[in-house]
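The values are calculated or read from the model by the stated rules, or taken from the named source; none is laboratory data. What you see is a predicted model; the values in this text were computed from it and never measured. Please note: Cβ atoms are built from the backbone with ideal geometry, for glycine as well, and neighbour counts cover all protein chains shown. What goes into the accessible areas is simple: the full protein's heavy atoms, side chains included, and nothing from ligands, DNA or RNA. Shrake-Rupley method; radii C 1.70, N 1.55, O 1.52, S 1.80 Å.
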Amino acid sequence: MHFDWTFLVRVSVLALPAMLLMALHGTVAQASAPSAPLEKLSGRRIFFGHQSVGGNILDGVKALPNSAQGVVPRVVEVQSPTESLAPGTLAHAMVGQNEKPESKIADFERLMDAGLAKSTDVAFFKFCYIDINGATDTRALFEKYRVAMEGLKARHPGTTFVHVTAPLTTVQRGAKAWLKELLGRPVWGVAENVQRETFNELMRKTYADKEPLFDLARLESTAPDGSRETYELNGQTWPAMVPGYSDDGGHLNAAAQKRLATELLNFLAGLPAPVVQPPIPAVQATP
């Protein structure tokens, strides 16, 4: 019997692209789902204070599929600091005003002290890229943040407070950037990202390996292949957002939303359970 090798070749040519496409789709789907077990999150109540970039990340959480690792937390908006949050909830609210970072610190404190800390196991907020510009006194801003967080930890020992680095933007490049440099005009993103990274280095030096720190800026400046997006200024190297993560230079596009949402859930799932110190017994007066 004569075997038709040409038929096998034709079938292979047709089937191979489909097989490769299925394999690629499986790889992408697996990469977009959280890799850490999510069982811990099913029993935790989490609060996230934010503005627009935080909203981008939450959109990414909503878009993530449930997987063998567990169920993605339910995203709900907090209407009142006294409302009770259910386990397995990623609650959120807008805090403060953009370009007024101190207002975000104060608003987060207010929400926690007004009752929200009693119904949350994990709480955090983040600044926006627009909160830090080329003229920001980053050390003064960080000190206000540090003092506020120390106070919250002392007042609410049953809540784990997470720190988040300030997000970055892309840096303007190409002919427009060259022309601005030639004319002595500021290039968009250059001075601003220097100040953001200066603030973020204070966050890392103070909290890394000591308290929970979600390094959003490092994730934004790291490409999927592990390479870092950087630029040079006065002989120093500074990080910037990977251009492929944003359509406008600052906010996260759909792909970056899912990527950073996955990173955030993996991070939150890996947090240890909070250790609550027993109350100090009152000293009885001697009769």
Here are VAL122, VAL78, VAL95, VAL164: which of them is open to solvent by 10 Å² or more (accessible area, probe 1.4 Å), touching a helix residue (DSSP H, G or I) at 6+ places or on another chain (Cβ under 9 Å), in contact (Cβ under 8 Å) with a residue 12 or more places away in the chain and of a type in the set (Val, Ile, Thr)? VAL78
Being modelled with pLDDT of 50 or more, among the hydroxyl-bearing types (Ser, Thr, Tyr) and either more than 25 Å from the chain's Cα centre (by Cα) or within 17 Å of ALA256 (Cβ to Cβ) (or both) narrows it down to one residue among SER67, SER42, SER32, SER12; which is it? SER32
Could you tell me how many of the residues in the range 106-127 are more than 17 Å from the chain's Cα centre (by Cα) and either of a type in the set (Ser, Thr, Tyr) or part of a helix (DSSP H, G or I) (or both)? 12
Testing ARG146 on (1) modelled with pLDDT of 95 or more; (2) open to solvent by less than 50 Å² (accessible area, probe 1.4 Å), one condition comes back false. Which one is that? (2)
The lone condition GLY54 fails out of (1) open to solvent by less than 40 Å² (accessible area, probe 1.4 Å); (2) at pLDDT below 95 is (2)
Against the condition open to solvent by less than 50 Å² (accessible area, probe 1.4 Å), more than 21 Å from the chain's Cα centre (by Cα), of a type in the set (Val, Ile, Thr) and at pLDDT 95 or above, how does THR136 come out, does it pass? yes
Report, by residue number, each residue of the range 138-160 that is of a type outside the set (A, V, I, L, M, F, W, C), touching a residue at least 12 places away in the same chain (Cβ under 8 Å) and under 27 Å from LEU85 (Cα atoms). TYR145, ARG146, GLY151, ARG155, HIS156, PRO157, GLY158, THR159, THR160
Filter the range 225-250 for residues that are loosely packed, with under 12 Cβ neighbours inside 10 Å and modelled with pLDDT under 95; which is nearest to the chain's Cα centre (by Cα)? GLU232
Condition met for GLU109 (farther than 19 Å from LEU41 by Cα and open to solvent by 30 Å² or more (accessible area, probe 1.4 Å)): yes
So, in the range 222-261, how many residues would count as being in a loop (DSSP other than H, G, I, E, B), touching a residue at least 12 places away in the same chain (Cβ under 8 Å) and polar (S, T, N, Q)? 1
